[in-house]
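One structure is given below, encoded as structure tokens.
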Amino acid sequence: HNGTLKDYGWMRTEISPGRTAQLRGDTDSEVLFAYLLTKLDAAGATFVHRDAAMLEKATRVIEATAADLRVRAAGAFNFLLSDGSALFVHRFGRSLFLLERGPSDPVREQRDIDSSASLETPWTRRRHAALVASEKLTDEPWRELPEGSFLRIDLQPLPKVHFFGAAERAA
């Protein structure tokens, strides 16, 4: 989570007892995470396990929850949430950028990575990737996501970006 939630005490009251028991701190990030998991738990969509129907259900739940938080003017809240097979991405109140790389990416060889950023695994021509960051990390063609964007990146067999709502209209 990147952002600052305002008066998130009401959100704490909406977290299930089981998820409340798992809270160890009082940060807005931890409360937002527990709140999102509570919503997924209630819909029976916490564990997707690469099941297409469950993935769609989880997508609808997270998208609706993010939309509700925007309407409530809950504050700034970019977040990434993943189950290991899909990555859910939301932008609201802070900048957020997307870069999609593929084997024919012509910029890859010339990219200048900021000295503060590092890639643990060397890039190869055969790899595909979708990267999300609060700021552009390289000289590649990053795309700024519109305010209120919600998207899902399916990781297998290759990263595939699915836009929803405001992001879908701007894609």
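Quick notes on this one:
- Sorting the segments 62-72, 4-14 by their mean number of nearby beta carbons within 10 angstrom, highest to lowest, gives 62-72, 4-14.
- Annotation for region 1-34 versus region 68-103: alpha-carbon center distance of 17 Å.
- Estimated from the Cβ-Cβ distance and a Förster radius of 22 angstrom, the FRET efficiency linking T20 and H49 is about 0.30.
- Full extension of the chain between K6 and K57 yields a length gain of 15.6 nm, computed as 0.36 nm times the residue separation minus the alpha carbon distance.
- Distant-in-sequence amide contacts of A130, defined by a placed amide H-H separation under 5 Å and a gap of 5 or more residues or a different chain, comprise R101.
- Calculated on C-alpha atoms, the gyration radius of region 5-70 divided by its Kirkwood radius gives an Rg/Rh of 0.99.
- Compared with the direct C-alpha span, the chain from T27 to K136 gains 36.6 nm at full extension, assuming 0.36 nm per residue.
- Net lengthening on full extension, R127/S95 (0.36 nm per residue, minus Cα-Cα): 8.9 nm
- Region 1-52 - accessible surface per residue (Å², probe 1.4 Å): 59
The values are calculated or read from the model by the stated rules, or taken from the named source; none is laboratory data. The structure presented is a predicted model; accordingly, all values stated were derived computationally and were not measured. As a convention, Cβ positions derive from the backbone with ideal geometry for all residues, glycine included, and neighbour counts pool all protein chains shown. Please note that ligands, DNA and RNA were not included when accessible areas were found on the heavy atoms of the full protein model with its side chains. Shrake-Rupley method; radii C 1.70, N 1.55, O 1.52, S 1.80 Å.
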